[in-house]
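Q: Mind looking over this structure? Questions follow.
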Number of protein chains: 2
Amino acid sequence: VGADSEAVLRELAAALAARGATASLLVDCDTGFGRTGVQSPEDAAGLAELAAALPGLRFGGLMTHPTLPGSGAWLRTARELIEARGLGVECVSGGGTPGARRTHESGVFTELRAGNYVFGDRLGITAGHVHEVDCALRVRSTVVSTPTSARAIIDAGSKTLAADRAADGSYGLIVEHPDAVIYDLSEEHGHVDVSRCDPPPALSEVVTIVPNHACATVNLHDTVALHRGTDEVRIARVAARGAVR
Amino acid sequence: VGADSEAVLRELAAALAARGATASLLVDCDTGFGRTGVQSPEDAAGLAELAAALPGLRFGGLMTHPTLPGSGAWLRTARELIEARGLGVECVSGGGTPGARRTHESGVFTELRAGNYVFGDRLGITAGHVHEVDCALRVRSTVVSTPTSARAIIDAGSKTLAADRAADGSYGLIVEHPDAVIYDLSEEHGHVDVSRCDPPPALSEVVTIVPNHACATVNLHDTVALHRGTDEVRIARVAARGAVR
């Protein structure tokens, strides 16, 4: 379990100890992303000592998300401060697919939490850490309207593709028409600028989309169809979606 | 059923006629929104005639989405053109909550399709067609981290709130802290700028959020808890979510 504050450590410890249980605690470190995490290696060392001292908790190590260029140095400093206090740092856990291939270079990480790499997505292509051919997640959608020569409407909107917009303004890559721009999403419709396509998508055509963000897209669907080549081999349930309570 | 092209009308008609069935067809009209719909009243009249002539279809009238200030005049012209061809226009259907209270003023509409009004949301507050007190949909979320004095992290991200961003850059209204800005969403975390809050949200505090977009938010959840006053009266299943195939 990860935590970044004394208050949460104490509540966790009390709850665990009351049940006669013990958990290994990773101190959550903000190494540059600006989300959760302690703000300095000194604060990480302070929480490590507290975790080691509290009943119900065992100090397990450090974690961060995502792994950024400066994350390794930050965590090495924290590890040294903690070791100087006589504690072992068993686990140093990094996160995120974008930095995954370079995480080992700093030599400090013992674990890598990467999820997006299972599928890959268009934001990953744009960021340069995956190629289109490696993107396993595809959304199939039908062109339901071609009201003008510049516009096609597909039956995939924000309930199908997720509303993560890329810097270039498109909500996904249409594989058969790479010059098409999905410039807006209604709930059930994708609005596609086809003015640069030659030929443009035809009415009733079924197109294949690499979504911008695989994680949020999968979360919208109850099932995914697994394929090997062109054969559908299994319908898999998306077990964890809707698990937010 | 609505359609905006000869090709779709012909395919619909053939499929229906092959099964000995008939459907009432509304011609989908683009009265300014720029999504689906025929581009001119003349085109609407042409499809109306085609629908009336094809087996399996009956011409039922006109539809548009959303209802905009110019929609009434556009549809009145189309209706006159169609009536001049000897066809009756039984239904003229308008859509959308933002224009719902003014849809009757044009005198042409016979039907209003409004969905968002059931809940109301923050984009509706911003647009001025609903007040915060009327917004029935609330997301309850816990402050899980307060890493700096300016930042709080809540356990509601893009899998809870949907990633529809408002023009002011916030992903929702925190009722107890209206000066807080949910400036970014990770999948499971909301990033909140609390620098203008006095007092700021406390660690472990449970906050109440009016989401930006009720439709997309409800679609992320399997159930909603219905309340009357402070009493929870029923857990309702979100029956239509995940119905995208």
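Q: Filter segment A:236-245 for residues that are touching a strand residue (DSSP E or B) at 6+ places or on another chain (Cβ under 9 Å), under 21 Å from B:Thr160 (Cβ atoms) and modelled with pLDDT of 90 or more; which is farthest from the other protein chains (Cβ to nearest Cβ)?
A: A:Arg237
Q: Let me ask something else. Identify, please: which residue in segment B:93-115 is in a loop (DSSP other than H, G, I, E, B), surrounded by 15 or more Cβ atoms within 10 Å (Cβ to Cβ) and out of contact with any helix residue (DSSP H, G or I) (no Cβ under 6 Å at 6 or more places or on another chain) and is, among those, modelled with the highest pLDDT?
A: Here the answer is B:Gly96.
This table checks each residue for (1) at pLDDT below 95; (2) farther than 30 Å from A:Gly115 by Cα; (3) buried (at least 22 other Cβ atoms within 10 Å of the Cβ); (4) facing chain A (nearest Cβ under 9 Å).
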| position | (1), (2), (3), (4) |
| --- | --- |
| B:Tyr117 | yes, yes, no, no |
| B:Asp121 | no, yes, yes, no |
| B:Val130 | yes, yes, yes, no |
| B:Thr142 | no, no, no, no |
| B:Arg151 | no, no, no, yes |
| B:Arg165 | yes, no, no, yes |
| B:Gly169 | yes, no, no, no |
| B:Glu176 | no, yes, no, no |
| B:Ala180 | no, yes, yes, no |
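Q: Hey, can you tell me all the residues within segment B:182-195 that are surrounded by fewer than 23 Cβ atoms within 10 Å (Cβ to Cβ) and not small (Gly, Ala, Ser)?
A: B:Tyr183, B:Asp184, B:Glu187, B:Glu188, B:His189, B:His191, B:Asp193, B:Val194
Q: Can you run down the residue pairs with Cβ atoms below 6 Å, 6 or more apart or on separate chains, where the first is in segment A:221-245 and basic (Lys, Arg) and the partner is outside any loop (DSSP other than H, G, I, E, B)?
A: A:Arg234/A:Leu226; A:Arg237/A:Thr223
Q: Is it the case, given these coordinates, that B:Leu47 is in a helix (DSSP H, G or I), of a type in the set (A, V, I, L, M, F, W, C), more than 14 Å from chain A (Cβ to nearest Cβ) and over 17 Å from B:Gly107 (Cα atoms)?
A: So B:Leu47 does not fit the description; no.
Q: Read through the list (1) crowded, with 23+ Cβ neighbours inside 10 Å; (2) more than 15 Å from A:Asn212 (Cβ to Cβ), then give the number of the only condition that A:Asp198 fails.
A: (1)
Q: The conditions are (1) in a loop (DSSP other than H, G, I, E, B); (2) of a type in the set (A, V, I, L, M); (3) more than 21 Å from B:Phe109 (Cβ to Cβ), and B:Ala14 fails exactly one of them. Which is it?
A: (1)
Q: So, in segment B:11-44, exactly how many residues are away from chain A (no Cβ under 11 Å), over 22 Å from the mean Cα position of the chain (by Cα) and surrounded by fewer than 17 Cβ atoms within 10 Å (Cβ to Cβ)?
A: Total satisfying the criteria: 11.
Q: Now a separate question. Would it be correct to say that A:Asp164 is within 16 Å of A:Thr208 (Cα to Cα) and either assigned to a loop (DSSP other than H, G, I, E, B) or more than 23 Å from the chain's Cα centre (by Cα) (or both)?
A: no
Q: For segment B:188-235: of the residues being among the small types (Gly, Ala, Ser) and either within 14 Å of chain A (Cβ to nearest Cβ) or in contact with a Cys (Cβ under 9 Å, 6 or more places away or on another chain) (or both), which is farthest from A:Thr223 (Cα to Cα)?
A: Result: B:Ser195.
Q: Test A:Glu90 against the criterion of being in contact (Cβ under 8 Å) with a residue 24 or more places away in the chain, acidic (Asp, Glu) and either in contact with a Lys or Arg (Cβ under 6 Å, 6 or more places away or on another chain) or farther than 16 Å from A:Ser5 by Cα (or both), and give yes or no.
A: Yes: the conditions hold for A:Glu90.
The values are calculated or read from the model by the stated rules, or taken from the named source; none is laboratory data. Keep in mind that what you see is a predicted model, and the values were worked out from it rather than measured. FYI the Cβ positions are ideal-geometry reconstructions off the backbone, even for glycines, and counts take in every protein chain you see.
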